[in-house]
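**Q** My structure is below; once you've seen it, I'll send some questions.
The values are calculated or read from the model by the stated rules, or taken from the named source; none is laboratory data. Predicted model, so just to flag it, every value in this text is computed and none were measured. Here the Cβ is made from the backbone with ideal geometry for all residues, glycine too, and neighbour counts use every protein chain on show. Side chains included, ligands, DNA and RNA excluded: accessible areas come from the protein's heavy atoms. Shrake-Rupley method; radii C 1.70, N 1.55, O 1.52, S 1.80 Å.
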Amino acid sequence: MVGAAQRAWTMDRCVSYALKHATEVRRQNIEQRQKRVDYRTALLDFLPQVSAQIGGQYSWGRNIDPETNTYNNVTTFNNNYSLSASMPLFDGGLTWNALRKARLAKNSSATAVQKARDDKAIDVMRKFVEAVYAVKSIGLMQAKLDDSQALLRKTRRLYELGEKSRPDVVQMESQVAEDDYNLLHQRNTARLALLSLKSAMNYPASDTLTLDTALTAEPAVMPRREAVDFTAIAPKPDVAIAEADAAAARLDWKMQRATLLPSLYLGAGVSTSYYKNLSSGMAADGFRAQMRNNLGEYVYLTLSIPIFSPGSWRSVKRAKTDYHLALLDVEDARRKLEDDARQAVTDYEGYAAEVRQMRRKSASDSLAYRQSYRKYEEGMLSTFDLHEASQAYLESSLTLLQLQMMAAIKLRLVNYYINNTPLWTSD
């Protein structure tokens, strides 16, 4: 891990690491394997159910002789063996729909994994942007503190020369103390943001994580808003999962209705037994001979007709209601996808415009601060006015940095929804 920490971590590298180590994604991978097992088990339900039974009974004491109908006192031993198989000939489609449901769950499990990966990627990207913003803000705070300390030294020198008053020195000392506190606070904020990113990545909290702060948002190649058909956006995992849940609810409804239909089962088997009267002195046939002589085969058909089952009717109604609710969930998922796409486009366009505007404002505030700095050195500006100019420049720089970070992540989401590109690339 030490070697891995030597290279700066980009956003894509953080996302890739999180997808390999995040418990949410690993849990979905385990669920996917379980769905495959469930599907194979559903296939086996079409095969006959085979069972074997072995029973032994040792009896003593008084009992009734079935031949003479009199009491006797004997000790006997019985040993029974049977092998049987049964399979449904008709069960109202219960077994078939169970297989369809298992196959649907197996196919949709990959979508669930993709949803977990997308959710984790978005979470890590947000935490990464927050951490980068906090780290880069430290540089701005440090530059502000360095300027204030340099100006304090000049103010003290001018005070010794009689060109500045004592209140000017006190004001600058207060400014340095404020900037020092802001820098300390920002460092603590950066540590918390980095810890939050490590937690989202499932990265060891004690290991070093050096971030690549060169994060920019290049203009997105997007068609005009009026030309974008948001209702025709390629379905995302949320919509696919909602559709799969609705299909599964429909199959559940069919399976519940099958319990109200007659069912026909075919069965066959073989059985044999061994018996010995331990009380009589008569010799019994040998075990092998009795097993051969008592061997019998049988075939049977079982027709089960449900006549009155209130619980089954209630289950059918409940399954039908669940299916209709699942259809509403599909509508909600599609509408949410459209809203999220619109929101991403709107946010990016807004942040991109604000970045352009704030870049001009930050440049103007920088020029104003430098001019105020010179005027202060020449005694043409008060300490309070210089403080206002420096704060305006710092705030515009921080705001510009924040807008650039937000535009970067919104650009990823725009490409994800509109251009159907992955949220991350291999790094």
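**Q** For the structure I just gave you, tell me whether S273 is in contact (Cβ under 8 Å) with a residue 12 or more places away in the chain, open to solvent by less than 60 Å² (accessible area, probe 1.4 Å) and closer than 26 Å to A102 by Cα.
**A** So S273 does not fit the description; no.
**Q** To continue, here is another question. For the range 154-194, name all the residues that are part of a helix (DSSP H, G or I), of a type in the set (D, E, K, R) and open to solvent by 30 Å² or more (accessible area, probe 1.4 Å).
**A** Within the range 154-194, K154, R156, R157, E160, R166, D168, E173, E178, D180, R187, R191 qualify.
**Q** Next up: Step by step: first the residues of the range 195-216, then only those that are among the charged types (D, E, K, R) and surrounded by 13 or more Cβ atoms within 10 Å (Cβ to Cβ), then the one that is nearest to A116 (Cα to Cα). Which residue is that?
**A** K198
**Q** Separate question: Any chance you could count how many residues in the range 198-215 are among the hydrophobic types (A, V, I, L, M, F, W, C) and in a loop (DSSP other than H, G, I, E, B)?
**A** Selection size over the range 198-215: 4.
**Q** With the requirement that a residue be among the aliphatic types (A, V, I, L, M) and more than 16 Å from A353 (Cα to Cα), what does the range 376-414 give you?
**A** M380, L381, L386, A389, A392, L394, L398, L413
**Q** Anything in the range 222-254 that is among the hydrophobic types (A, V, I, L, M, F, W, C), part of a helix (DSSP H, G or I) and at pLDDT below 80? List them, or say none.
**A** A227, F230, A232
**Q** Might you check whether a residue that is over 30 Å from H387 (Cβ atoms), part of a helix (DSSP H, G or I) and either of a type in the set (F, W, Y) or in contact with a strand residue (DSSP E or B) (Cβ under 6 Å, 6 or more places away or on another chain) (or both) occurs anywhere in the range 292-313?
**A** yes
**Q** Out of A150, A105, A112, report the one residue that is of a type in the set (G, A, S), within 30 Å of T213 (Cβ to Cβ) and in a helix (DSSP H, G or I).
**A** The unique qualifying residue is A150.
**Q** Within the set of pairs 6 or more residues apart or between chains, which connect a residue that is open to solvent by 30 Å² or more (accessible area, probe 1.4 Å) inside the range 407-419 to a residue that is modelled with pLDDT under 85 and among the small types (G, A, S) with Cβ atoms less than 7 Å apart?
**A** Here the result reads N415/A220, each pair linking the range 407-419 to a residue that is modelled with pLDDT under 85 and among the small types (G, A, S).
**Q** Suppose the filter is open to solvent by 30 Å² or more (accessible area, probe 1.4 Å), at pLDDT below 90 and either more than 30 Å from F128 (Cβ to Cβ) or out of contact with any helix residue (DSSP H, G or I) (no Cβ under 7 Å at 6 or more places or on another chain) (or both); does L83 pass it?
**A** For L83, the condition - open to solvent by 30 Å² or more (accessible area, probe 1.4 Å), at pLDDT below 90 and either more than 30 Å from F128 (Cβ to Cβ) or out of contact with any helix residue (DSSP H, G or I) (no Cβ under 7 Å at 6 or more places or on another chain) (or both) - is not met.
**Q** I'd like to check something: does the range 331-339 contain any residue that is open to solvent by 50 Å² or more (accessible area, probe 1.4 Å), touching a residue at least 60 places away in the same chain (Cβ under 8 Å), basic (K, R) and in contact with a Pro (Cβ under 9 Å, 6 or more places away or on another chain)?
**A** yes
**Q** What are the residue pairs meeting all of these: first residue in the range 98-117, first residue closer than 16 Å to V37 by Cβ and open to solvent by 40 Å² or more (accessible area, probe 1.4 Å), second residue assigned to a helix (DSSP H, G or I) and acidic (D, E), Cβ atoms under 8 Å, and 6 or more apart or on different chains?
**A** K101/D252; K106/D38
**Q** Scan the range 347-406 for residues that are loosely packed, with under 15 Cβ neighbours inside 10 Å, touching a residue at least 60 places away in the same chain (Cβ under 8 Å) and among the hydrophobic types (A, V, I, L, M, F, W, C) and jot them down.
**A** F384, the sole residue that qualifies.
**Q** Something else about it: For residues that are under 17 Å from M172 (Cα atoms) and either of a type in the set (D, E, K, R) or assigned to a helix (DSSP H, G or I) (or both), tally how many sit in the range 350-392.
**A** Count: 19.
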